[in-house]
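One structure below.
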Amino acid sequence: MVHNVLKEVEAQALALATNRTGSEMLQELLGFSPRKPMCRVWAALHSNLRFVACHRCGVHVLQSALLQLPRLLGSPEEEEEEEEEDGKDGHVETLEELVLGLAAEVCDDFLFYCGDTHGSFVVRTLLQVLGGTLLESERARHRGSQSPGKYYKKGVWTSREGEFRKFRRRE
């Protein structure tokens, strides 16, 4: 079902990503999306990447897409299905190519993105994803992780079971 909905959304991805309700819907769909539909939506947004990354609603769609990378890149069985389908639909950029395109765009205009209120969130999320240092709270917020993990909030570690432990620096 998600595959079919995202295929229909592809033509209107920019309008939906920059609409409050539409972006919330896209964020939820991307959390369940297989790799190929995710690539198609991302490719549809790619030509307006700067606008989407600096938009108050669009930035959340990009963040959701970026936070799905560990899940999508770790699923080898989907790759075989995608290779079979590629012959029917023509060339679709791979997820890796799309991420590298975003990284190149951010590198080319790093100061602009860092200085923008919303663009800085894309920079942060991109660096976290590429560096492999996502906080469990980030992944849980965007449905990227189902494993029980610890959350860090203002000097306190908590687990899903509700245990609280003070975080102290070692001296």
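A few points about this structure:
- Val5 passes every criterion in (1) over 20 Å from Glu97 (Cα atoms); (2) open to solvent by 80 Å² or more (accessible area, probe 1.4 Å) apart from (2).
- One residue stands out in the range 37-48 among those that are open to solvent by 10 Å² or more (accessible area, probe 1.4 Å) and assigned to a helix (DSSP H, G or I): the one that is nearest to Gly119 (Cα to Cα), namely His46.
- Residues that are farther than 13 Å from Leu62 by Cα, assigned to a helix (DSSP H, G or I), out of contact with any Lys or Arg (no Cβ under 6 Å at 6 or more places or on another chain) and in contact (Cβ under 8 Å) with a residue 12 or more places away in the chain within the range 1-21 comprise Val2, His3, Val5, Leu6, Lys7, Val9, Ala11, Arg20, listed in sequence order.
The values are calculated or read from the model by the stated rules, or taken from the named source; none is laboratory data. This is a predicted model, so every value here is computed, not measured. Note that each Cβ is placed from the backbone with ideal geometry, even for glycine, and that neighbours are counted across all protein chains shown. The area values use the complete protein model at the heavy-atom level, side chains included, leaving out ligands, DNA and RNA. Shrake-Rupley method; radii C 1.70, N 1.55, O 1.52, S 1.80 Å.
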